[in-house]
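K.L.:
The structure under discussion is supplied below as structure tokens; questions concerning it will follow.
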There are 2 protein chains.
Amino acid sequence: MADSGRGPRERMVFSAAQLIRRGGVTATSMRDVVAHARAPRGSLQHYFPGGKDQLVNEAVDWAGRYAAKRIARFLGEMPEPSPSGLFAAMVRQWTDEYETVGFASGCPVAAATADCAESTESTRTAAAAAFACWRRPVAEALTEMGVPSQRAESLATLMISTLEGAILMARAERDAGALTTVARELAPVLDGAVTRRR
Amino acid sequence: MADSGRGPRERMVFSAAQLIRRGGVTATSMRDVVAHARAPRGSLQHYFPGGKDQLVNEAVDWAGRYAAKRIARFLGEMPEPSPSGLFAAMVRQWTDEYETVGFASGCPVAAATADCAESTESTRTAAAAAFACWRRPVAEALTEMGVPSQRAESLATLMISTLEGAILMARAERDAGALTTVARELAPVLDGAVTRRR
DNA sequence: CGCCGCCTATGACGCGCGTCATAGTAGCGG
DNA sequence: CCGCTACTATGACGCGCGTCATAGGCGGCG
């Protein structure tokens, strides 16, 4: 969450993701992005000759990779990993944010999907890639914990779907209750899928 | 899904919901709405003096009530109701749509939340109300099936969250797989919550 | 120095938006 | 026929958008 990535280009992509998280793709203007990134406006057409689409797609891309990296981080921080523990960590990231800085932002991939899935093929593809990029480490972690690999894929899909939906609901209600609820309710089915001891 | 509600006013609200489903709130213009509803443009300021916000809020409202009514309908169609059966029906509504007319549209409440939760308080409130309106009959149905009422509330939240997330994923990937997956994986935990025979 | 890449600066263009102002029409009770 | 209310019609306004065109600075290398 550092305010500045190294180069101005990185900062713009990061800022785009940040703004898309808040208000959606359509409501995020390129002028807003350069202002938020404290970047020169002239750099837009230099770094992103593909226009807004390119910027948005890279922001979605970045978000997918970021989510994937978080999974690895969560696993590293867990003394004894379990499926429910991983999901709890994923959920906690959001409850923490909502409790500390408020309910201003959702998931940029979700916003991009809702806004662009029909209008902009390339962004839809980017969102699909982001989901896949996010799901992979989750599924791998589950198999590592002893979940059969096919089942792990399904559960990864379940975890991310449920998380995304709960984020939406929590934001609408300005109450993180939905997040904690789904974490609690999903725990047994996740842990129940472990067939071999690690 | 009838193309025309009775009055022009109803048609406009319905069309707004329809367009928001596709491209989000910000990308949906009021001129688009009247065109889609084949309604006179002059009627906008007559029926919706509150401007776009009012129109959007009523569309979200409509969507919430529509979802709630569908739950009642599903229950009526099920010979022997079960939690997993209800969830399967909710999911099937979306897989059916995606298989027949394509992945153009998502959930209007989700889109409104992603686009307006931060920018427009009234719409955020409308979305929260829509979720609540949708959740109530689900929870009631679960208690009717023998789920303890507090648990039923939690499971209703889980079902709707998971469904919303799976809709997003399916739309991004243009593949209803996520929907069928979550229906399958959630079934046991839902049915396992029934403590008394009906 | 001179030149040439990279990056930045800035103003303009055309468009579509939400909103407003003003006027017009239809039906109907008096 | 009048007048009133409900609804429709239409053009204008101001704004912010994405994009483009053009013109710089500016550091390094021959």
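K.L.:
Taking the label point as lying 7 angstrom from Cα along the Cα-to-Cβ axis, what are the distances from A:E10 to the corresponding position in the remaining copies, in ascending order and in nanometres?
P.N.:
Label-point separations across copies, in nm and ascending: 5.7.
K.L.:
Suppose R0 equals 35 Å; then what is the FRET efficiency for B:R174 and B:T143 from their Cβ-Cβ distance, rounded to the nearest 0.05?
P.N.:
Working from the Cβ atoms, E equals 0.40.
K.L.:
Going through the DSSP H helices of chain A, which span 15 Å or more along their own axis at the Cα atoms while scoring at least -1.0 as a mean Kyte-Doolittle hydropathy?
P.N.:
A:8-23, A:51-77, A:83-100, A:121-144, A:149-173, A:177-191
K.L.:
Next up: Return the calculated 222 nm mean residue ellipticity for chain B, to the nearest 500 deg cm²/dmol, obtained by summing -39500 (n - 2.57) across DSSP H runs with n ≥ 4 and dividing by the residue count.
P.N.:
Helix-only estimate at 222 nm: -24500 deg cm²/dmol.
K.L.:
Can you give the charge dipole size of the protein assembly as shown about its Cα centre, rounded to the nearest 20 debye, using +1 on the beta carbon of Lys and Arg and -1 on the beta carbon of Asp and Glu?
P.N.:
It works out to roughly 300 debye.
K.L.:
Just grab the label-to-label distance for A:S43 and A:T125, each label 7 Å out from Cα along the Cβ direction, in nm (one decimal).
P.N.:
2.7
K.L.:
How big is the equivalent ellipsoid of segment B:63-191 along its three axes, where each semi-axis is √(5λ) from the Cα gyration tensor, reported in whole Å from largest to smallest?
P.N.:
23, 19, 13
K.L.:
Tell me, how many Å apart are the Cα centres for segment A:14-88 and for segment A:90-157?
P.N.:
Centre-to-centre (Cα) distance: 12 Å.
K.L.:
Still on this structure, please answer the following. Between copies, how close do the B:G192 label points come, placed 7 Å along Cα→Cβ, listed in nm from shortest?
P.N.:
Spelled out, the distances from B:G192's label point are 0.2 nm.
K.L.:
OK, next. Which is farthest toward the positive dipole end of chain A among A:A39, A:M169, A:A89, measuring Cα position about the Cα centre, with Cβ charges +1 (Lys, Arg) and -1 (Asp, Glu)?
P.N.:
Working it through, the farthest residue towards the positive pole turns out to be A:A39.
K.L.:
Hey, rough spin-label estimate for A:R151 and B:E77, points 7 angstrom out along Cα→Cβ, what's it come to in nanometres?
P.N.:
Distance between the two pseudo-spin positions: 3.2 nm.
K.L.:
Considering only the label points, 7 Å along Cα→Cβ from Cα, what distances in nm to one decimal separate A:E99 from the same position in each other copy, shortest first?
P.N.:
Reported distances to equivalent positions: 4.3 nm.
K.L.:
With viscosity set to 0.890 mPa s and temperature to 25 °C, compute the Stokes-Einstein D of the protein assembly as shown, Rh being the Kirkwood radius across alpha carbon pairs; µm²/s, no decimals.
P.N.:
114
K.L.:
Only four residue types carry charge here, +1 at the Cβ of Lys and Arg and -1 at the Cβ of Asp and Glu. Report the dipole size of segment B:63-191 about the Cα centre in Debye, rounded to the nearest 20.
P.N.:
Here the size comes out at about 240 debye.
K.L.:
In addition: State the answer as a single residue: which of A:P49, A:F103, A:L186 lies farthest towards the positive end of the charge dipole of the protein assembly as shown, with beta carbon charges of +1 for Lys and Arg and -1 for Asp and Glu, about the Cα centre.
P.N.:
A:P49
K.L.:
Expressed as a whole percent, how much of the Cα-Cα distance distribution for segment A:1-151 exceeds 21 Å?
P.N.:
Looking at segment A:1-151, the distances longer than 21 Å represent 49 percent of pairs.
K.L.:
Right, next: Within 14 Å, Cβ to Cβ, of A:Y47, how many net charges do the neighbouring residues add up to if Lys/Arg are +1 and Asp/Glu are -1?
P.N.:
It works out to a net charge of +2.
Values in this text are rule-based calculations from the coordinates and carry no lab data. Note that the structure is predicted; figures quoted are calculated from it, not measured. Because the Cβ atoms are built from the backbone with ideal geometry, glycine has one as well, and the counts that use them run over all protein chains shown.
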